[in-house]
């Protein structure tokens, strides 16, 4: 019997920030392709724009802070921030809004707090919230998914719309944009319509909005890759989805006609992307295992609360920021017992 | 620099209550959403802090240590009431906008702080000047922050100037044009915190530049160590 002999050294390559970020970027690919398929070329244009802005902004601030520029750019964290933001932004958003958001994320939220590893808030989500609060109309104008879109724009038209605001002849804004499923559900529930009624619209698929649920699935695939590569652990995504699902099912069973089925919440908006790619940010999340469970579950519960009773249709960004704020406290109270020491309560 | 010049410089810059001492943040952050609101609040505060400083200084030798704080508060509250009533009479619209923050000047820590730290230990003239300088320094910060927030948030400057300067000032309002999409966050509370942070950073930067240019000639004047 022969065993394969591997020459020394047998140590595995240690994890590095660059490797982690590279895997996150790779894992985003399936979801990105799906979003481009369903929602058009705007996603890719914003990704390029956001990445360029983020890298330039990071380089400028690092020069101002008299820190070495290249190592910080090579760790790809600015690129990940930019990509996550671009995925969250509406595909036809004017270019300067994206630039403002990314500059705020990189310069104020990340670098002014000390750069990677020191930022208390998730830069991508803080930038997104800045834009959502500042430009509510532009930030809630999504495009309809591909199969429901009567006027899909080709790449050139999208480019011209984003950079010059010039719509193709014969179309107006209302023809190319639509509310997201979460937004539509919210508006119609406000008009006292019942869910069984609302769901008869062609906007809806099996669980969430058509197109959206498949985007969620592809992000889920990317998330599973991250789990498999041990870039993230299961604690935050699972507890976040569980928290959201438990809340949603609870209220669904109390009143089925005003609270959508639990999986609607899972497959709508940024839930999956948030659970696997955003809430798991190692800098701003809780670090202890028990803490991560509390952190994730609280995000899930908050997402449901803000979506249902809050002022904005989606809530992942707000929930993540609120829990970023609480992460140090959660960590403080969930320190694991050091081996050989007693629990504080035993004394 | 004369003693009085030093007082003015401290109040306006080196001991600016908003940028250095970080006092009075509640009104600073709450009403600095437009330049005119900031100016109105700043002037009201300046009047109160100057008059209260003068009065506290006048009675400083007759008030016992044990009861000084209640006495100061009563003095400050009297002036605030006077200011509030006058604003209600002559600047009624502005008074309605600033609302609760006018009576709350009583609780502004700048005023009790100057009464306790300065006016209760100094003669009347200096106390009055200190109050005036501190007040103007605070007003300048309020006004600058208000102007910045107004420009980024609304795309205008000096809206509602007529509330303060009368009907003739209606044309003072500058606008960046109707196409300008204001960044709403700037006129919401987070915008105040972020804006104040940038103002403090700017002040520190200017200070650092100033000390650098000051030290350069000194080091250049030092003789080169000669070999040997």
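The values are calculated or read from the model by the stated rules, or taken from the named source; none is laboratory data. Given the structure is predicted, the values throughout are model-derived calculations rather than measurements. Neighbour counts are summed over all protein chains in view; Cβ atoms, including those assigned to glycine, are modelled from backbone coordinates with ideal geometry.
For residue B:67, indicate whether it is at pLDDT 90 or above and under 25 Å from residue B:16 (Cβ atoms). Answer is no for this residue. When B:143, B:193, B:165 are screened for being surrounded by fewer than 19 Cβ atoms within 10 Å (Cβ to Cβ) and either more than 14 Å from chain A (Cβ to nearest Cβ) or farther than 23 Å from residue B:44 by Cα (or both), only B:165 passes.
Would you check if there is a residue in the stretch B:25-39 being closer than 16 Å to residue B:119 by Cβ and buried (at least 19 other Cβ atoms within 10 Å of the Cβ)? No; the residues of the stretch B:25-39 include none that is closer than 16 Å to residue B:119 by Cβ and buried (at least 19 other Cβ atoms within 10 Å of the Cβ). Between B:124, B:216, the distinction of being at pLDDT 85 or above and more than 14 Å from every other protein chain (Cβ to nearest Cβ) belongs to B:124 only.
Residue-level analysis places residue A:109 among those that are within 12 Å of chain B (Cβ to nearest Cβ) and part of a helix (DSSP H, G or I).
Mind telling me which of the residues B:8, B:83, B:73, B:49 ends up being touching a helix residue (DSSP H, G or I) at 6+ places or on another chain (Cβ under 9 Å), at pLDDT below 90 and assigned to a helix (DSSP H, G or I)? Spell out the reasoning first.
On the way: B:83 fails: at pLDDT below 90; B:73 fails: at pLDDT below 90; B:49 fails: at pLDDT below 90.
It is B:8.
Any chance the stretch A:179-191 includes a residue that's within 30 Å of residue A:71 (Cβ to Cβ) and either within 14 Å of chain B (Cβ to nearest Cβ) or surrounded by fewer than 22 Cβ atoms within 10 Å (Cβ to Cβ) (or both)? Don't jump to the end; show me each part of the working.
At the first step, the residues of the stretch A:179-191 found to be within 30 Å of residue A:71 (Cβ to Cβ) are none.
No, the stretch A:179-191 has no match at all.
Screening A:92, A:83 for residues that are surrounded by 18 or more Cβ atoms within 10 Å (Cβ to Cβ) and within 15 Å of the chain's Cα centre (by Cα) leaves exactly one candidate, A:83. Here residue A:313 fulfils each of the conditions (1) modelled with pLDDT of 90 or more; (2) within 18 Å of the chain's Cα centre (by Cα); (3) over 14 Å from residue A:244 (Cα atoms) apart from (1).
Restricting attention to the stretch A:87-96, report how many residues are over 16 Å from residue A:56 (Cα atoms) and either more than 14 Å from chain B (Cβ to nearest Cβ) or free of Cβ contacts under 8 Å to residues at least 60 places away in the same chain (or both). Give the derivation first.
So in the stretch A:87-96, the residues over 16 Å from residue A:56 (Cα atoms) come out as A:87-94.
Next, from what is left, pick out any that are either more than 14 Å from chain B (Cβ to nearest Cβ) or free of Cβ contacts under 8 Å to residues at least 60 places away in the same chain (or both): A:87-92.
So the count comes out to 6.
Please work out if residue A:153 is at pLDDT 80 or above, within 27 Å of the chain's Cα centre (by Cα) and more than 19 Å from residue A:94 (Cβ to Cβ).
Values: at pLDDT 80 or above: yes; within 27 Å of the chain's Cα centre (by Cα): yes; more than 19 Å from residue A:94 (Cβ to Cβ): no.
Here the answer is no, as residue A:153 does not meet what is asked.
Could you list all residues from the stretch A:15-50 that are within 14 Å of residue A:75 (Cβ to Cβ) and either out of contact with any helix residue (DSSP H, G or I) (no Cβ under 8 Å at 6 or more places or on another chain) or modelled with pLDDT of 90 or more (or both)? A:15, A:16, A:19, A:20, A:21, A:22, A:23, A:24, A:25 - these are the residues of the stretch A:15-50 that are within 14 Å of residue A:75 (Cβ to Cβ) and either out of contact with any helix residue (DSSP H, G or I) (no Cβ under 8 Å at 6 or more places or on another chain) or modelled with pLDDT of 90 or more (or both).
In the stretch A:294-323, what residues are out of contact with any helix residue (DSSP H, G or I) (no Cβ under 8 Å at 6 or more places or on another chain) and assigned to a helix (DSSP H, G or I)? Of everything in the stretch A:294-323, just one residue is out of contact with any helix residue (DSSP H, G or I) (no Cβ under 8 Å at 6 or more places or on another chain) and assigned to a helix (DSSP H, G or I), namely A:309.
So which residues in the stretch B:64-83 are in contact (Cβ under 8 Å) with a residue 24 or more places away in the chain and crowded, with 16+ Cβ neighbours inside 10 Å, if there are any at all?
Within the stretch B:64-83, the subset in contact (Cβ under 8 Å) with a residue 24 or more places away in the chain is B:68-69, B:72-73, B:75-77, B:79-80, B:83.
Answer for the stretch B:64-83, where residues must be in contact (Cβ under 8 Å) with a residue 24 or more places away in the chain and crowded, with 16+ Cβ neighbours inside 10 Å: B:68, B:72, B:73, B:75, B:76, B:77, B:79, B:80, B:83.
Listed by first and then second residue, the pairs with beta-carbon distance under 6 Å, at least 6 apart or on different chains, first residue in the stretch A:327-340 and in contact (Cβ under 8 Å) with a residue 12 or more places away in the chain, second loosely packed, with under 10 Cβ neighbours inside 10 Å, form an empty list. Would the stretch B:173-186 turn up any residue that is away from every other protein chain (no Cβ under 14 Å), farther than 17 Å from residue B:22 by Cα, at pLDDT 90 or above and not in a loop (DSSP other than H, G, I, E, B)? The answer is no; no qualifying residue exists. Residue check: residue A:331 meets all listed conditions (1) crowded, with 21+ Cβ neighbours inside 10 Å; (2) under 19 Å from residue A:233 (Cα atoms) but one, namely (1). Restricted to the stretch A:126-176, and to residues there that are within 14 Å of chain B (Cβ to nearest Cβ), assigned to a loop (DSSP other than H, G, I, E, B) and in contact with a helix residue (DSSP H, G or I) (Cβ under 8 Å, 6 or more places away or on another chain), the residue that is surrounded by the fewest Cβ atoms within 10 Å (Cβ to Cβ) is A:140.
Here residue B:201 clears all of (1) within 14 Å of chain A (Cβ to nearest Cβ); (2) within 19 Å of residue A:136 (Cβ to Cβ); (3) surrounded by fewer than 13 Cβ atoms within 10 Å (Cβ to Cβ) except the condition numbered (2).
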